Amino acid sequence: MRALITGAGGFAGGHLAALCRASGDDVAEVSRGAGVDLLDAGAARAAVAAARPDVVYHLAARAHVGESWKDPASFLSDNVGMTLNVLEAVRAEAPGATVVAVASSEVYGAPAALPVGEDAPLRPQNPYAVSKASADLLAGFYADAHGLRVIRARAFNHSGPGQEPIYAIASFSRQAAEAAERGEDPIAFRTGNPDTRRDYTDVRDVVRAYRLLAERAEPGVYNVCSGTSTSARELLEMLAAAAGAGLDHGVDPALVRAHEVMEVRGAPGRLREATGWRPEIPLEQTLADTVAWWRERIRAGA
């Protein structure tokens, strides 16, 4: 299978490229690091034409919620613009290809009911989420209006080795690794509300879901999630254990949000029915692998 991956230089994109190659796919990578600017419609079309893909995985996006508040215009224009150019390029150069357009559970906003299913209304609550909801709807429009084979994958929280520490689990994992390298025991963490719960999946399981969707699923919308939730407190306990130390956890009132969403948990049933996918990597292993990855980088001086 010939696969074109946008955002292949990113966290999930890098894991997806590795999985596809290990599975025998012919992979073409598109990223700014590889010299392709997807905000240039001509460059996007040339990349698709050169790759002649059977499947296009569109992961390229600006993806940090906090940064989106500082620059909402760029997040909206970039994320929607890149998606538009990729879809137009596929329509012109590879209309028979399957497009896996990766969105985010952020498009749902605060859940009205749990678990969150694919039919829940889109109520994005930050500029990043608005940009991803817009791109998700655009992908659906191209399926309806132009007959493209589009799979809209809405990924919930995912983490693992290689994630930038601007995200919570990666940041806590680095803190645990640094403390372990200094020989600290217990490891001190200060957080906001420790009882909030989120639906976490290992990035390696997430990208396996993307490939299975491309291979087996009919066009439509699919949540990519574990279907279970873990509290922040439980997460920190697992991280300390992964670092081989005890936990010294305290709540910092300055980090407690006034209107915190206490639980987010997705419904993975549609994905499982279509592909047979289930998470294979337990959260404890994800955290242990991530702490080990950070410890290697610290020792290497990276």
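The values are calculated or read from the model by the stated rules, or taken from the named source; none is laboratory data. Note that this is a predicted model, so its numbers are computed, not measured. Methodologically, a virtual Cβ is constructed for each residue, glycine included, from the backbone with ideal geometry; neighbour enumeration extends over all protein chains shown. Heads up: the accessible areas ignore ligands, DNA and RNA and are worked out on the full protein's heavy atoms, side chains in. Shrake-Rupley method; radii C 1.70, N 1.55, O 1.52, S 1.80 Å.
Residue-wise test of (1) open to solvent by 30 Å² or more (accessible area, probe 1.4 Å); (2) at pLDDT 95 or above; (3) within 26 Å of residue 169 (Cα to Cα).
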residue: 3; (1), (2), (3): no, yes, no
residue: 6; (1), (2), (3): no, yes, yes
residue: 21; (1), (2), (3): yes, yes, no
residue: 24; (1), (2), (3): yes, yes, no
residue: 31; (1), (2), (3): no, no, yes
| note | Checking 230, 191 in turn, the sole residue that is among the hydroxyl-bearing types (Ser, Thr, Tyr), more than 27 Å from residue 99 (Cα to Cα) and modelled with pLDDT under 95 turns out to be 191
| query | Which one is nearest to residue 168 (Cα to Cα), of the residues in the stretch 268-278 that are within 19 Å of the chain's Cα centre (by Cα) and open to solvent by 50 Å² or more (accessible area, probe 1.4 Å)? | reply | 278
| query | If you check residue 218 against the conditions, is it within 27 Å of residue 137 (Cα to Cα) and more than 20 Å from the chain's Cα centre (by Cα)? | reply | yes
| request: Just one of (1) open to solvent by less than 50 Å² (accessible area, probe 1.4 Å); (2) in contact with a strand residue (DSSP E or B) (Cβ under 9 Å, 6 or more places away or on another chain) trips up residue 218, so point out which. | output: (1)
| Say we look at the stretch 155-170 and pick out the residues that are among the small types (Gly, Ala, Ser) and at pLDDT 95 or above; which of these is surrounded by the fewest Cβ atoms within 10 Å (Cβ to Cβ)? | 162
| Can you tell me which residues in the stretch 240-275 are within 26 Å of residue 201 (Cβ to Cβ), hydrophobic (A, V, I, L, M, F, W, C) and assigned to a helix (DSSP H, G or I)? | 240, 241, 242, 255, 271, 274
| Pick from the stretch 223-234, criterion open to solvent by less than 60 Å² (accessible area, probe 1.4 Å) and of a type outside the set (Ser, Thr, Tyr), ranking: farthest from residue 118 (Cα to Cα) | 232
| request: Please enumerate the residues belonging to the stretch 235-267 that are without any contact (Cβ under 8 Å) to a residue 60 or more places away in the chain and either open to solvent by less than 60 Å² (accessible area, probe 1.4 Å) or aliphatic (A, V, I, L, M) (or both). | output: 238, 241, 254, 258
| field | Scan of the stretch 83-104 for residues that are part of a helix (DSSP H, G or I), open to solvent by 20 Å² or more (accessible area, probe 1.4 Å) and in contact with a Lys or Arg (Cβ under 9 Å, 6 or more places away or on another chain), ordered by number | value | 85, 88, 92, 93
| task | Would you mind stating whether residue 286 is crowded, with 20+ Cβ neighbours inside 10 Å, under 19 Å from the mean Cα position of the chain (by Cα) and more than 23 Å from residue 118 (Cα to Cα)? | result | yes
| Residue identified as of a type in the set (Lys, Arg) and surrounded by fewer than 13 Cβ atoms within 10 Å (Cβ to Cβ) among 208, 299 | 299
| request: Output the number of residues of the stretch 34-60 satisfying the condition of being in contact (Cβ under 8 Å) with a residue 12 or more places away in the chain, within 27 Å of residue 105 (Cα to Cα) and either acidic (Asp, Glu) or surrounded by fewer than 22 Cβ atoms within 10 Å (Cβ to Cβ) (or both). | output: 2
